[in-house]
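The values are calculated or read from the model by the stated rules, or taken from the named source; none is laboratory data. Being a predicted model, the structure only gives us computed values, none of them experimental. Ideal geometry is used to build each Cβ from the backbone, glycine not excepted, and the neighbour counts take in all protein chains shown. The protein model used for the area step is the full one, side chains on, heavy atoms only, and it has no ligands, DNA or RNA in it. Shrake-Rupley method; radii C 1.70, N 1.55, O 1.52, S 1.80 Å.
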Amino acid sequence: MKIELCPPIVTKSRLLPRTLRQLDSPLQVTSSHRSNRQTQRLSMKPVLFFVALSASAASAVDEDINHRRTRAKASKENTGTKTTKTLVLDILNESFNQPFSPFFVMVHNSDAEPLYVRGQMANEPLALLAENGTPGPLVDYYTKNSNGVKSVEAFADGVPYFGGESLQIMVEVSEGYPLVTVASMAINTNDGFVALNGVEVRAGLVIDEPGLDAGSEENNEDCDSIPGPACADIDSGNERSGNGEGFVHVHRGFHGVGRNGLEPVQYDWRNPMMRVSVRNYDYFN
């Protein structure tokens, strides 16, 4: 499988530029949540992080970004070139206070291994996404296990995505590769995530998806194991809690059972959690 290195992803900041530095080290992000979004610090254990850069340091960091493959793409020649369509996925966070992490994005066909099967154990790369918010392990996994896979990508432009916010991801599908999979962590949880799991997308399609639980951590709701802004004041290191349910299932929500006083009124949600609306790329033109 041919690997293409993409240019670094740069997000906007009120103060200094922040650059996505790498896909496999702790993430720190400063963001304001609408009118009441205060400056927050988001810590994740083996994730991406944003760091304020001076002009003199930017060049050196950009080299590090390219070296570490901030956004990885694996591509195959498509036998159905004439039927290729470029579509836009408009992804909306429908929750109140469960921001989304960077997204894993894959275009494939039915020969590819599915991201998950409800009622069965999540594989380790999916568990790492659901616990830490990093899509890198899934990108690596499907780059190596590429049967039926056209492309894989880690999308982090504008991360994190708070409630009520949306993002746009472009995908190229074809007769030979008609299916799309995307996944992201709900970062104020232990191991909650959202996903499209091998959906045949077309312009005009609208799908509402629930929050899911990877089953790899117990939902103790302790900041020791939650990487999101809910725990910004507690630098816990986001340790794996273990004792998970053992299978992927619809998430039961946030119930305030942890030791740090995180309240359901702030962090619980009612499904659906994510809406995906599909349109033709020509809509932009």
**Asked** Once label points are set 7 Å from the Cα along Cα→Cβ at both N145 and E165, what is their separation, rounded to one decimal in nm?
**Response** 3.1 nm
**Message:** Please compute the length gained on full extension between R118 and T83, using 0.36 nm multiplied by the number of residues separating them and subtracting their Cα-Cα distance.
**Reply:** 9.4 nm
**Request:** With +1 on each Lys and Arg Cβ and -1 on each Asp and Glu Cβ, and nothing else charged, work out how big the dipole of the range 150-283 is about its Cα centre, in Debye to the nearest 20.
**Result:** 400 debye
**Distance-filtered residues of the range 251-285 - backbone nitrogen under 12 Å, label point 7 angstrom along E245 Cα→Cβ** = 251-254
**Asked** Label-point separation (nm) for V206 and D111, each offset 7 Å from Cα along Cα-to-Cβ?
**Response** 3.6 nm
**Message:** What number comes out for accessible area per residue over the range 140-285 if the probe is 1.4 Å? Units Å², please.
**Reply:** 41 Å²
**Request:** Label the range 204-248 by shape, choosing from rounded, prolate and oblate, from the square roots a ≥ b ≥ c of the eigenvalues of the Cα gyration tensor; if a/c is under 1.5 it is rounded, and otherwise prolate applies when a/b is larger than b/c, oblate when it is not.
**Result:** oblate
**Complete:** Per its Cα gyration tensor (rounded if a/c is under 1.5, else prolate when a/b beats b/c, else oblate), the range 173-285 is best filed as prolate
**Request:** May I ask for log10 I(q)/I(0) of the range 91-166 at q = 0.18, 0.21, 0.22, 0.27 Å⁻¹, from a Debye sum over the Cα atoms as equal point scatterers with solvent left out?
**Result:** -0.80, -1.00, -1.06, -1.24
**Request:** Please give the contour-minus-distance gain from R252 to N280: 0.36 nm per residue of separation, less the Cα-Cα distance, rounded to one decimal in nm.
**Result:** 6.6 nm
